Structure formats: structure tokens, C-alpha cells
């Protein structure tokens, strides 16, 4: 090659919903550059073992967190000569939507959860990557089933409505929300219920839901 | 570094509209791999001169075609160990929307125009990159001003309607189309007219249009 090659990394924006707040799971870097700084989980592409960059980010997440996100989407490339003190670098960023319980159960992970609207100082250009991820989620949520992936596989209509409200940053009117969801035809009643004997709430799931293959958007 | 680095390239999907058909501008490769094959214009990132990958693709297009696209959007990364016979490689792909007259006037370019629905055999995974670009354009066009960028700066409502029809692959009803465009508020009458004295057609432009800074979507 005539030119030195850029450093190629992958980074994941892990979005989750905790107590009605859209949060991101960050971790503390254990090496330079930016040692001890708060950052997105990420790593360098390993050309001898990763089939492509999606395989890279799945490997990194398995190694650093012990879990595989159900919803993972390529976001955008961030690149340039100044973003990494080591050399000209390029990060292929991904967005993962993860139910909070799954993230919290990832025993290998040592996450710090922060609201996407109150980020601490971050390593590299990770604040910019997160802003792009949140904009993508909010932009797509008004016309897609993306928010479903922040919920457990089975959920109540109230939980679903609160999820849409947290992402869209607005209150939705209950009967109108339910009518729209019904007309959309993406919900399937499971027949199971939760809550008291007086007013049990039906549990729903996303129709045609499969654990790894679903792509939305 | 512990690992060999991937080869990093940029490629551009140049979309244009000619005689009512959505076409792509391809060229013939002048070097290996895939020497003489039809391909997207692209090149290797030059870390000593490119500020980031968008600067890379703009430089490549300037060098290979002599022009700077008005609308350029990062599409997606295509990567892997098998897509380039040289080594594990990664392409950051871009979509450019270009009025046909601008492309045809790019004197340095030696383009071959083909319909996006009838692609010849192509180098690398370029057919897959084009499919993603066309899907992006079609997906966004029903709710954005993206199609405007396939037109000259000033255009008639009939030309605008035909552009939307070619992209969305459907016929639109004239008075309904005009009513929607008016309600949208993105059009600005220029006061100029074209056509015969009997039924001159008003020329419009996109409101707030600036030559290089506009971003849409």
C-alpha cells in the first residue's frame, strides 16, 4: 500500500429504559488512550477472526458484557485524524436496544447507567456518537416497532405506552394509543395476565417475534 | 498494534434521473483488482490528506469526475474478509444525488449510465451497495425533499412530480400532488416561466436552498 492504514474500531451505543428514563450503558476504560474515562463499549476489528464489522461488535460485546443484543443496527462511521490520539481512526458505530433486565443480568459487565440527556464527560467523540444514536431512535420510533426492543418479550399495553412516551418525549392519550396499536396489527395477545385479580392486565408480544432474526426500520 | 489493519476505502453511488429513469453513473476500473470491470467510483482513504472519510470521498470524486455533488450522505459500511481479494477490507459508502446535466458536464468523468433496475455485473459487492442506496432513497423520498436534488436548482411542478414518480415507482395524481406540495411549504416560486406563451409553466426552487450546506433527511 502507498498509504498507512487507518485504525478501525467498532463501538456500541447500548440503549435501555430504566424507571421510565432512556438510559445508556457506559463503562470505564481499562487502558490508554483515555484510561479510566467513561466510554462506549468497543474495540478494534480483529481481521483474523471477525467475518465483518458486525461480527466484530458482537464479539466485543460478548467479551466485555457476556450478552448478545437482540436488536443491533449499524449507525454511522465516525472518522478522522484527530479523534484518536494514536492515529487516524475510524469507528463503525452500532445501536443496540436492550431490555434493562437483560443488561443488568450481564454478569461480566460493569456498567454505569446514565440518562441520555445528562451525559458525563466521555472518551473520544463518544458524546457525538450517542447523540446520533438517540436521534436515530427518536426519529424512527414514531413510525416503527423499534421501541418494543426496549421491553421484555412480553409486556402490558401500559408498559408499551410508557416506552413510546419516554422515547418520543411526550404524553400519549391512552385510548388513542391503544386504538392505533390495534389498527397497526403488530401486537399479539399471549393469553397471560399480570396484576391483581380485580384488574389483571393482558400480556402482549410483538407479532412474528423471533429472538435474533427480526429487523425493523 | 496486535492485529493487521483492514484496508479502508470509500465508494459513491451517484444517482441521477435521465428521461424519467432512475440511473446510476458507473465507471470502468483501470487497475486490479477487477481491472476493466464496471464499478462504483471509489478509492482508498489517504490518511495524510483526508480529514475524515467524507473528505476522502469528496477528493476521490473531484479527482475521478471533476465535480462536487450537492447532496452527499453517508450510507453504510460494507466490510469483511472476502469482499476484496487483496485483504480484509471495509468500504464506507456514500449516496450522492446529482442532476443529470451536472454529471454529463463533468468532463473528467467517463461514466456509463445504467438503470438501477438493470445493473450489469459489477466489481466487489457493489451491486449490494447500490441496492442499499436505492432502498434508502426510495424509503426516504415519501417523506423528504430528497428527490429535489435530482433536479436542476429551478424546475417546474411537472418535472418535480415526474421525479417523485420515478423514485416512488408510482403515478401520482396531479392536483393532489400540487396541493400536498403547497401545504408542505418547501417550494418557492422564482417568478420565471418556461414554455410557450399560451401555457407558460412557473419555475420553482426549494425554499432555503443553498448550494453546499443543505442537509435533508
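Every number here is computed from the coordinates shown, using simple stated rules; none is lab data. As the structure is a computational prediction, the values presented were derived from the model and not from experiment. For neighbour counting, all protein chains shown are included, and Cβ atoms are generated from backbone atoms with ideal geometry for every residue, glycine included.
Relative to the first principal axis of the alpha-carbon coordinates of chain B, what is the inclination of helix B:53-65, with its axis defined by its Cα atoms, in degrees from 0 to 90 and to the nearest 10?
80 degrees
Rank A:143, A:94, A:204 by mean-square fluctuation in a GNM of chain A with C-alpha springs under 10 angstrom and give only the top-ranked residue.
A:143
Once you put a point 7 Å from the Cα of residue B:180 and another 7 Å from the Cα of residue A:142, both along the Cβ direction, what distance in nm separates them?
For residue B:180 paired with residue A:142, the spin-label model returns 1.7 nm.
Label points 7 Å out from Cα along the Cβ direction at residue B:189 and residue B:132: separation in nm?
In this crude label model, residue B:189 to residue B:132 measures out at 4.4 nm.
Distance from a point 7 Å along Cα→Cβ of residue A:28 to each backbone N in the range A:84-121: keep the residues under 20 Å and list them by number.
A:104-115, A:119-121
Hey, rough spin-label estimate for residue A:46 and residue A:82, points 7 angstrom out along Cα→Cβ, what's it come to in nanometres?
Each label point lies 7 Å from its Cα, and together they span 3.4 nm.
Just need the Rg to Rh number for the protein assembly as shown, please, alpha carbons only, Kirkwood Rh.
With Rg and the Kirkwood Rh in hand, the quotient comes to 1.00.
Please identify, among B:69, B:41, B:85, the residue showing maximal mean-square fluctuation in a Gaussian network model of chain B using a 10 angstrom Cα cutoff.
Result for chain B, Cα springs under 10 Å: B:85 fluctuates most.
Calculate for chain B the 222 nm mean residue ellipticity that helices alone would give, adding -39,500 (n - 2.57) per DSSP H run of length 4 or more and normalising by residue count, nearest 500 deg cm²/dmol. Before the final figure, lay out each step's value.
Numbers: 5 runs with 57 residues, N = 217.
Only helices count here, giving -8000 deg cm²/dmol.
Expressed as a whole number of Å, what is the distance separating the alpha-carbon centroids of the range B:12-83 and the range A:85-109?
Using only Cα atoms to place each centre, the spacing works out to 30 Å.
Connecting C-alpha atoms closer than 10 Å in a GNM of chain B, tell me which of B:44, B:194, B:98 has the biggest fluctuation.
The residue with the greatest mean-square fluctuation here is B:194.
For chain B, take the longest principal axis of its alpha carbons; what is the angle in degrees between that and the long axis of helix B:174-184, to the nearest 10 within 0 to 90?
The angle comes out near 70 degrees.
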